[in-house]
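Structure, as structure tokens:
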Amino acid sequence: MTTIRDVAKAAQVSVATVSRVLNNQGYVSAHSREKVERAIQELNYTPNAVARSLYKKKSKSIGFIIPDISNPFFPQLFRAVEKYLIDHEYTVLLFNSDDQLDRISNIMDSMRTEYVAGAIIVSDKIKEEHLAKLSIPVVAIDRVISEHVPSLTVNNYKNAREAIRYLVSQGCSNIAHVRGPKGVYNAEERFRGYRDEIAEQQLPSLVICGNYDLKTSLVATMELLDQHPEIDGIFAGNDIMAVGVIKALAKLGIQVPDQMKVIGFDGIEWGTTITPELTTMEQPIEQIGTKSGELLLNLIDGHVMDSHHYSFDAKLVVRDST
Ligand code: RIB
């Protein structure tokens, strides 16, 4: 079996130099790099895909960056993206960033090392200047990076307004919003939708901040109901928070949907595993994932884009919580 030493010997360089080439890290002169790459090819040292990426400085893999692996929305989105890309002979490398800049910087380094051909990104922190360092095609999904980066999102504002109108149609007149974190694109849009629809319906505005997770939402709901026992409907900014709301209501002995109606946003599978099953604004996750893969491959192939922002509609799915 060929070893790294054989490659170093054939290329007449040190093992460390071969390793720097393989990892695309540290300084290697153009001449030595060429010798190493030739030796790798001749000795068939690495699997074909890797050798090819080293040679072409481009692989058949795509980087997919998500902000929160613990939110089942993202694994569902990943599956949709991955299915499309695998069908088109690409592999997908999944990176969880927790939307922390230091993590993002490491992820960017890994993507460079892997010579990914393009990236699909869900992030509120990644800006155009970070992408300039990557110099590969990028598609933003679920969030918007800038007007220059193609993006795909649901119509968060409009669909949030629809959620409120639905609660009103079910007889709610004191509707609260457990909103997603401040500064997060879609949380702000959903909040704006709530605020404008509540104003239009001439209802009181009752907002509390959650963190797009279950625990914070549970605690926030207990606090909110302590201050406002008159609340009869809750719009949670995503489904996990809606599950937190329903848990809080169970702890307080409040009956759903008789005393309180609850609606979420996302349409994750969890929504059907709880009692009562969750009414939600369901995002077309599969469609968004597929379209993002298609756009990215078009960009990689050098095709011109026909639009920079793609908007989808979430659909009301009525279950037992309203
Ligand atoms: O960041 C989390 C949220 O953003 C998800 O729950 C989903 O609503 C997505 O749009």
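The values are calculated or read from the model by the stated rules, or taken from the named source; none is laboratory data. This is a predicted model, so every value here is computed, not measured. Note that each Cβ is placed from the backbone with ideal geometry, even for glycine, and that neighbours are counted across all protein chains shown. Just so you know, the surface numbers come from the protein's heavy atoms only, side chains and all, with ligands and any DNA or RNA stripped out. Shrake-Rupley method; radii C 1.70, N 1.55, O 1.52, S 1.80 Å.
With R₀ set to 45 Å, the beta-carbon distance separating D301 from E200 gives a calculated FRET efficiency near 0.50.
Dipole size of the range 148-227 about its Cα centre, with +1 on Lys/Arg Cβ and -1 on Asp/Glu Cβ: approximately 140 debye, rounded to the nearest 20.
For the pair V318 and E286, label points projected 7 Å from Cα toward Cβ lie 2.4 nm apart. Diagonalising the gyration tensor over the Cα atoms of the range 4-47 and scaling each eigenvalue by 5 before taking the square root yields semi-axes of 14, 10, 9 Å, largest first. Shape summary of the range 156-283, radius of gyration then Dmax from alpha carbon positions: 12.7, 35 Å.
If both residues of a DSSP beta bridge must be in the chain, then about 10% of such bridges are antiparallel. The lysine pair count for the range 156-283, using Cα distances under 22 Å and pairs eight or more places apart or on different chains, is 8.
Each Lys and Arg Cβ is given +1 and each Asp and Glu Cβ -1; about its Cα centre, the range 156-283 then shows a dipole of about 200 debye. Along its first, second and third principal axes, ordered by size, the chain spans 79, 41, 32 Å in Cα coordinates. Rolling a 1.4 Å probe across the protein heavy atoms gives the range 4-47 an accessible surface of 61 Å² per residue. For a Förster distance of 25 Å, can you work out the FRET efficiency between the beta-carbons of K133 and E294, rounded to the nearest 0.05? After rounding to 0.05, the efficiency reads 0.45.
Which residue, A39, A140, A220, tops the fluctuation ranking in a GNM of the chain built on C-alpha contacts under 10 Å? Among A39, A140, A220, the largest GNM mean-square fluctuation belongs to A39. Were the residues from K158 through E34 laid out at 0.36 nm apart, the gain over their Cα-Cα distance would be 39.1 nm. Shown is the FRET efficiency for I4 and N96, computed with R0 = 25 Å from the Cβ-Cβ distance and rounded to the nearest 0.05: 0.25.
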